[in-house]
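The structure appears below as structure tokens.
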Amino acid sequence: MDDQVWDHSTFSTNRDRLLDGDIAAKLLAAVLAQPRVKQLLSSEHFSVDGTLIEAWASMKSFKPKAGPGADDGAGGGRNAAVDFKGQKRSNATHASTTDPDALLYRKGPGMEAKLCFIGHGLMENRSGLIVDARLTRVSGHAERLAALDMITSRGDRSRAITLGADKGYDAQDLVTELRELNVRPHIAQNTSGRRSAIDRRTTRHRGYAMSQRVRKRIEEAFGWIKTVAGLKKTRFRGRARVDLAFTFAAAAYNLVRLPKLLAGASP
């Protein structure tokens, strides 16, 4: 008790070690590898989704990358007033000086654009536990690429598995690649002004309707991660550190739910 308190740099050094060792992903895997926990997991039915994680950077930090007008400030010190009205700003021409990894993105038409990342989760459908998590920079294809990456290691060409997802994943290239991996794409149909890549050979099965019901449970995990774990707006800068926090939060969500699941499981 009388020893000198650790210097703040100790925590920074340890965090760097966690990043270098990919400890968050290993913790998530170690929790799921416990014999009693493995009995709760489905190895055949999964769901995937993504959620926006707001970056620890303000819109004032989103400035032109180079050239005339690179400084949008109009004086006033470190918290200068900035007027964006009438300016065309995009990720191609601007970047955040606070967190260059964060990109400008809007969730849908008419919604506010924010500097953010996308957190991705893969859930098994039996108990609703997160079995894989990662965080990427935002793009129109980020969710589909992450889904393919996460499900590839779960696939087994000798037997089919299913992957449930919302209509944002309804794209012909993703559906084709999933079928090549012997993964049945239980994806919600997106019929708004175009032809869906999901047809009757998928939707006619009873399992498709079940997957569509169960897949929504992943929103419970994202809700917990954003509210209880405090990741609605991250307090870290840089994709690697935000990824570490997001994956730790996914592992914590599993740990919070496991006591009740294990208590209700047969011995």
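The values are calculated or read from the model by the stated rules, or taken from the named source; none is laboratory data. Because the structure is predicted, anything quoted here is derived from the model rather than measured. Using ideal geometry, Cβ is built from the backbone for each residue, glycine included, and neighbour counts are taken over all protein chains shown. These accessible areas exclude ligands, DNA and RNA; they are computed on the full protein's heavy atoms, side chains included. Shrake-Rupley method; radii C 1.70, N 1.55, O 1.52, S 1.80 Å.
Of everything in segment 163-200 that is among the small types (G, A, S) and surrounded by 13 or more Cβ atoms within 10 Å (Cβ to Cβ), the residue that is farthest from M150 (Cα to Cα) is S196. Of the residues making up segment 208-229, those that are loosely packed, with under 13 Cβ neighbours inside 10 Å and closer than 20 Å to L135 by Cβ are T227, V228.
Scanning segment 38-57 for residues that are over 27 Å from P185 (Cβ atoms) and either open to solvent by 60 Å² or more (accessible area, probe 1.4 Å) or at pLDDT 95 or above (or both) turns up Q39, E54, A55, W56. Counting only helices (runs of 4 or more DSSP H) that fall entirely inside segment 150-247 and contain at least 2 residues that are over 23 Å from G119 (Cβ atoms) and hydroxyl-bearing (S, T, Y), the qualifying elements are 200-203.
Among the residues of segment 241-252, is any under 17 Å from L32 (Cα atoms) and either of a type in the set (D, E) or open to solvent by 40 Å² or more (accessible area, probe 1.4 Å) (or both)? Yes, there is a match, as at least one residue in segment 241-252 is under 17 Å from L32 (Cα atoms) and either of a type in the set (D, E) or open to solvent by 40 Å² or more (accessible area, probe 1.4 Å) (or both). Among residues of segment 118-136 that are basic (K, R), those with a beta-carbon under 6 Å from a residue that is outside any strand (DSSP E or B) at least six positions away or on a different chain give the pairs R126/S42.
Pairs are defined by a Cβ separation below 7 Å, a sequence spacing of at least 6 or placement on different chains, a first member in segment 14-29 that is open to solvent by less than 60 Å² (accessible area, probe 1.4 Å), and a second member that is among the aliphatic types (A, V, I, L, M) and not in a helix (DSSP H, G or I); the pairs so defined are L28/A133. State yes or no: is T203 surrounded by 17 or more Cβ atoms within 10 Å (Cβ to Cβ) and either modelled with pLDDT under 95 or under 20 Å from I130 (Cβ atoms) (or both)? The answer is no for T203.
Do we find that A95 is at pLDDT 90 or above and touching a Lys or Arg at 6+ places or on another chain (Cβ under 6 Å) in this structure? It is true that A95 is at pLDDT 90 or above and touching a Lys or Arg at 6+ places or on another chain (Cβ under 6 Å). For segment 89-141, the set of residues classified as outside any strand (DSSP E or B) and of a type in the set (V, I, T) consists of T93, T97, T98, V138, listed by residue number.
In this structure, is R159 open to solvent by 60 Å² or more (accessible area, probe 1.4 Å), in contact (Cβ under 8 Å) with a residue 40 or more places away in the chain and closer than 22 Å to R126 by Cα? Spelling it out, R159 is indeed open to solvent by 60 Å² or more (accessible area, probe 1.4 Å), in contact (Cβ under 8 Å) with a residue 40 or more places away in the chain and closer than 22 Å to R126 by Cα.
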